[in-house]
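Q: The structure under discussion is supplied below as structure tokens; questions concerning it will follow.
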Amino acid sequence: METIVKSTYIKRKKNGSISLRAGNKSKFVIRMTMITLFVLTIAGFLLFDYTGLEIRTAVVETASNLYAMFFKPALNHFTWAEALYQIGVTMGLAVLSTIIGAVIAFFLALTAAANLSKEWVTKVVRVIVAFIRAVPTVLWVLIFAIAAGLGSEAAVLGMLFHSIAYLVKAFSEAFEEVDKGILEALRAAGSGWWHVVIHGIIPSTFTYLLSWTFLRFEINFSVAVAMGAAAGAGGIGFELFMASGFYFDLNEVGFITYAILLIAIILEVFSTQLKNRYFPSSVRN
């Protein structure tokens, strides 16, 4: 006799003893998934069109291009002042879409939190933001680029749309984690809905709201880089597109890549400082 209880196999032997094999079902699923991915990867390589490809030449040229990009970075088509300006444009797109999105998302999240709003209102808001969140940010930017024309407006609107949906989910879940005792005590004292929000919800979730907002800012910065060319929003992303696809200047591509990497490191350091300031216990753990 062999049965399965919570992914644990229990087998009774002929001599009456029982053997347990824990996790066999999950291990089997993981193993089959890995095998399937491996087979698909091999099949993908076999189906490539290798006509006219010379492996040795390709390897040498790739190594040469990487050397030119990362060991000889240089500015050839714009100055340092223009580079700083373009970086500022990209940062401005990210800041604008994040700040406006966070403000709008805060009020929508109050209606999406189950402990602050009616059930039907919560469901409606969650369904709408789930649909918006399911569509990639890039697609929203392209949709607004068609509707509003290429430019920074389309990039901001697209990132703003997805930022709102993203932050509504994050904020509403933070609101729902607030201790019920705090809210019940405020309501028992005769506090109104806004009084509960101001004196109960915001003080208990402020650090989480700040953390989620900054995380979304990091995401929006990377999206703004990509949308600099796709939506005609300008910024350092547009210069990267021009250097790689128009000028084919690998030295400039390397410089821009280093600039973006430096900004990403600065943002990460700043994020760590925020966590050390507002989440000291979680950092130690």
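Only the coordinates and a few stated rules stand behind these numbers; no lab work does. Every value quoted in this text rests on a predicted model; they were computed, and no experiment measured them. Every residue, glycine as well, gets a Cβ built from its backbone with ideal geometry; the counts of neighbours run over all protein chains shown.
Q: Please work out how much length the chain gains when fully extended from A58 to V95, using 0.36 nm per residue of separation minus the C-alpha to C-alpha distance, in nm with one decimal.
A: So the chain would gain 9.2 nm between A58 and V95.
Q: Taking square-rooted eigenvalues a ≥ b ≥ c of the alpha carbon gyration tensor, is the stretch 164-285 rounded, prolate or oblate, where a/c under 1.5 means rounded and, failing that, a/b exceeding b/c means prolate?
A: prolate
Q: Looking at the stretch 164-226, which GluC sites (Glu not before Pro) are in a loop (DSSP not H, G, I, E or B) and have at most 15 other Cβ atoms within 10 Å?
A: Counting only loop positions with at most 15 other Cβ atoms within 10 Å, the GluC sites (Glu not before Pro) in the stretch 164-226 are E177.
Q: If I stretch the segment between A43 and T79 completely, what's the gain in nm (0.36 nm per residue apart, minus their alpha carbon distance), one decimal?
A: Fully extending the segment from A43 to T79 adds 8.3 nm.
Q: Here's another thing I want to ask about it. Taking the Cα centre of the chain as the origin, how large is its charge dipole in debye, to the nearest 20, when only Lys and Arg (+1) and Asp and Glu (-1) carry charge on their Cβ atoms?
A: 2020
Q: Given DSSP loops and a limit of at most 16 other Cβ atoms within 10 Å, what is the longest stretch of the chain that contains no such trypsin sites (Lys or Arg not before Pro)?
A: 119-285
Q: Moving on. Can you bin the stretch 79-121 into rounded, prolate or oblate? Criterion: square roots of the alpha carbon gyration tensor eigenvalues sorted a ≥ b ≥ c, rounded for a/c under 1.5, prolate for a/b above b/c, oblate for the rest.
A: Here the stretch 79-121 falls in the prolate category.
Q: At E184 and K25, where each label point lies 7 Å from the Cα along Cα→Cβ, what is the point-to-point distance in nanometres?
A: Each label point is offset 7 Å from its Cα along the Cβ direction, giving 3.7 nm.
Q: I'd like the projected area of the chain, averaged over all directions, using the convex hull of its alpha carbons. Report it in nm² with one decimal.
A: The orientation-averaged projected area of the Cα hull of the chain comes to 26.3 nm².
Q: Then there is this: If you take every residue apart from E252 with its C-beta less than 13 Å away from the C-beta of E252, what net charge results, scoring Lys and Arg +1 and Asp and Glu -1?
A: Around E252, the surrounding residues sum to -2.
Q: Same structure again: Output the peptides 249-257, 62-70, 233-241 sorted from most to least packed, where packing is the average of other Cβ atoms within 10 Å over each peptide's residues.
A: Ranked by mean Cβ neighbours within 10 Å, highest first: 233-241, 249-257, 62-70.
Q: Something else now. From Cα pairs below 8 angstrom and at least 6 apart in sequence, can you work out the relative contact order of the stretch 85-187, rounded to a whole percent?
A: Normalised by residue count, the contact order of the stretch 85-187 is 38 percent.
Q: Given S152, M34, W80, which one lies farthest toward the positive end of the charge dipole of the chain, if we put +1 on the Cβ of every Lys and Arg and -1 on the Cβ of every Asp and Glu?
A: The residue sitting most towards the positive pole is M34.
Q: In percent, what relative contact order does the chain have, based on Cα pairs under 8 Å that are 6 or more apart in sequence?
A: Normalised by residue count, the contact order of the chain is 22 percent.
Q: Please work out how many pairs of lysine residues in the chain are eight or more positions apart (or on different chains) and have Cα atoms closer than 17 angstrom.
A: 6
Q: Only helices at least 24 Å long along their own axis, judged from Cα atoms, and with Kyte-Doolittle mean hydropathy of 0.0 or greater: name those in the chain from DSSP H.
A: For the chain, where a helix must reach 24 Å along its axis and average at least 0.0, the hits are 24-47, 80-112, 152-176, 202-230, 250-278.
Q: From the Cα gyration tensor of the stretch 29-95, with a ≥ b ≥ c the square roots of its eigenvalues, which class applies: rounded if a/c is under 1.5, or else prolate if a/b is larger than b/c, or else oblate?
A: Oblate.
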